[in-house]
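This report concerns only the one structure given below.
Please treat every number below as a calculation from the coordinates, not as lab data. Nothing here was measured: the structure is a model prediction, and the numbers come from that model. When we count neighbours, we look across all protein chains shown, and the Cβ atoms used for this are built from the backbone with ideal geometry, even at glycine.
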Amino acid sequence: MLSARAVAASLAAALAVCLAPASDSADGTRRAVGWRAVWSTTLTQGPGGLWRDPVAEYVAGASEGVVALGLGRGPVVVMDAGTGLIRSRIRPKGSGNARRIWVAGDTLVVQRGATSDYGAESYLAAYDLPTAAPLWVTYVAGDEEHAEVTPRGVAIARPSRLDLYDLRRGTSAGGVPVRPGCATSIAAAGAAVALLSGCPGEALRLSAIDPATGRPRWERALPYTTPPGDRAEKGMATEVQGAADGSVLVRINQTSLLYAPDGRPLPGVLSPAPEARVVTTGGVLAHSFAPAAPDGRPESVVTQEFDPGGRRLLRTRRTGAAGPLFADGRTFVAMDVMGRTLGLTWPLPAHLTSVDAVTGETADLPLPVPHAMAELVGVAGGLAFVLGPVPETLGGDGPAARVTAYRLVREERPRAAPLGAVAASRWPDACRLLTAADLAPLGGGHRAFPRTPGPRLPRPPGAADTAGTTGTAGTAGTTGTAGTAAPGQVACDWIPSADDGTVVFVSVEWVAPSAREARELFAAETARLKADAGVRALPGGEPDVHFHGLGTPAGTQFHALVVAGPVVARLMTRSEAAVRLLGPRLRDNLRAATSAGPP
């Protein structure tokens, strides 16, 4: 699961936005303050193990009425979007994992087939949603062909032709020929199919095809020429994406071009980026991308919001969101990545970021589950649907999966705390959670250097990353010292004076509204770590402390995950002896510092 999450985060392609009930007004007084669970449905596996990791092996489709979810080789489960009740389990013939799902009106379309064999054939099957009755089936030939579904029909891009089919009957609706030697890419763009075609030595062409008739709604030449001859496939990387209103994003060698539903180009500074996404809602188009840093890794995500009708760039913002970008009502939604500490996502709980498409109001609000155990799989009808494993089933033949629907809560009160849970003043100062006496067995002379894992979080007044304090600067149990730092200085490097000394890192992973919620978060993350084959379990243990090791290119990194009162913290070092010594001391210091906190 760690590898799947790391891949998703490295894409860093998302905006973020929250779903609000239609009756809520996103004005200056009613603010987003949290996510409320509306329903939760658990999906168990039968004998044979249909999936190993639901977060890594899912496909989903959502509409106002249903959520359709495919997990590994299991059936596609259709749930009522408003209640979570299972309406049907569709067990398509054939083998292989569900690869894609589309929900178009009363029709469900599923693509299923092998995912590991290059060129393996998959099939495309349609079903009537109210009855689960099969409608038609056809085949897609491996990696050479690509299918898309819209409310007006189905398109399959084949090497010599774009084939079109009726959505309900599966009968041919004609097609668009592809000249020999030319390449095509397609994407659903509202009711149309966006077709990007390139022939050697000619300009790329973009068109919007009506899949019911095969006629283009608009067509335009792009300011890029496909390299000639055998260099055509090697000299240019292209991709096309569509949005619900018919807007289109074209990616050419990491540069983005945006087009309105009528084919007009949209303005904007579209910087080169490894990945980009586009969605529309509330009459606003959102384009999110992560510009590459000089070392090739993506930087923080940039989101541009456009008014397609007026061709205006409304606003540009930096967000921490990563992964798929969704839209519903007048908001955009995505999983958020607030920051990182030594390669790990920080903080511990998953966050959903929301941006109101009209006002630009942004909210980063937590969910009561670890980040590595949550995946946003869709939004519809004012709900965000989050998938994850059931913690108590991890480590067996295969975990059960849980789908939870969340609704954004708005209230007439001040804006939520920076991390959406408790006031900044209740976060302990990580540099005061170990003392000189705690560190003395390691040789002494350690100095504390604050680290800021979340670049978008506020720093405490006067804080600086270059400041250094000795271990005597504060004791976690000293009245009035712990719990006064604001988020943004929640991590600390303890650097020894000797070059061969042991470096210790401490981070406050989360401060929950109550000790019960902190323990539930700690228990879920501990269950995940125990079930992860990439995590080395360390023998022995202490109450409220979980010891484990993670392999890195530089060697094993030893961790102690700690819970005390409403706080979950982490200690990391290269020494197993040091982590065993300091983990319990960190726990005890936190217990003293939080003894006056809420139960």
Taking θ as phi - 60°, what are the ³J(HN,Hα) couplings along the range 379-392 by the Karplus curve (6.51, -1.76, 1.60), each to the nearest whole Hz, with x for Gly and Pro? 9, 5, x, x, 10, 10, 9, 10, 10, x, x, 7, x, 6
Residue by residue through the range 503-508, the couplings from Karplus 6.51 cos²θ - 1.76 cosθ + 1.60 with θ = phi - 60°, in Hz, x for Gly and Pro, are 7, 10, 10, 10, 9, 7
Between the modelled labels at residue 313 and residue 437 (7 Å from Cα along Cα→Cβ) the distance in nm is 5.8
Taking placed amide H atoms and a strict 5 Å upper bound, the residues 5 or more places from residue 202 or on another chain that come that close are 226
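Using 0.36 nm per residue, how much length does the chain from residue 139 to residue 89 gain when fully extended, once their Cα-Cα distance is taken away?
15.8 nm
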Give me, ordered by chain and number, the residues 5 or more places off residue 281 or on other chains with an amide H under 5 Å from its own placed amide H. 286
Any residue on another chain or 5+ positions along whose placed amide H is under 5 Å from the amide H of residue 107 is listed here as 129
Quick one: what are the phi-derived ³J(HN,Hα) couplings along the range 534-540, Karplus 6.51/-1.76/1.60 with θ = phi - 60°, whole Hz, x for glycine and proline? x, 10, 8, 6, 9, x, x
Could I have the simple spin-label model distance between residue 340 and residue 213, label points 7 Å from Cα toward Cβ, reported in nm to one decimal? 5.0
Packing-wise, with mean Cβ within 10 Å as the measure, how do 207-214, 365-372 rank, highest first? 365-372, 207-214
Mean Cβ neighbour count within 10 Å, used as a protection proxy, ranking 163-172, 517-526 highest first: 517-526, 163-172
